[in-house]
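Below is one structure, written out as C-alpha cells, with a few remarks after it.
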C-alpha cells in the first residue's frame, strides 16, 4: 500500500525522497504511517520495478539530491490499483484488543487508560482540523485542482472517524466513572 501512496504523490510531480517524506507527513500520515526508512526502501523497490526513475541533481556544498519521477509503467500501476474493486474492512486495532481484556485491571487503571486515549484522540482531531490548511497549500502545487476535493474527502473521513473515537472514549469514561462510584 505504501508503494501506491508514493506513486500517487509522484503522479502530482517530481520530488526528492525528502520532499516525499515531508508531504507524506503532512497528508497521508493521518491515515497511513510510514517511517523514513520505509519510504526510502520502497523507493528502491519502485525503481527496480521501473515504476519510478531517479536522477541526481548536484548541489553546492551538499550531497547530490535524487529527484524521483513516476514512469509510464508506474502511472499504469497506480491507475490499476485505483481501479481495483473491493473494499478493505481491516478492523485490527491494538486499542480494541486491550479494551476487550481490560476487565482484568482495576477500574481506576482502565479509567486512566480511557482518559489518556481521550486526550490523544482530541489532539489527533485538532491536527486533522488543521489539515485543511495543508490541503490549501498543496493544492496550489498541482495542475488539477480537482484532486484537492478528494484530499478534503479523506480529511473529512478522518475527522469523523476521530470524532467517533472521541465520543466512544468519553462514553467508556462515563461508564467506568459510574462503576467506580458504585464500589
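General remarks:
- Residue selected from the stretch 23-72 under the condition surrounded by fewer than 12 Cβ atoms within 10 Å (Cβ to Cβ) and part of a loop (DSSP other than H, G, I, E, B), by the criterion modelled with the highest pLDDT: 35
- Qualifying position, being touching a helix residue (DSSP H, G or I) at 6+ places or on another chain (Cβ under 6 Å), in a helix (DSSP H, G or I) and either exposed (fewer than 14 other Cβ atoms within 10 Å of the Cβ) or not assigned by TED's automatic domain parsing to the domain that holds residue 15 (or both), among 159, 119, 98: 159
- Taken as a whole, the condition of being free of Cβ contacts under 8 Å to residues at least 12 places away in the same chain and not assigned by TED's automatic domain parsing to the domain that holds residue 11 does not apply to residue 79.
The values are calculated or read from the model by the stated rules, or taken from the named source; none is laboratory data. All values reported here derive from a predicted model rather than from experimental measurement. Methodologically, a virtual Cβ is constructed for each residue, glycine included, from the backbone with ideal geometry; neighbour enumeration extends over all protein chains shown.
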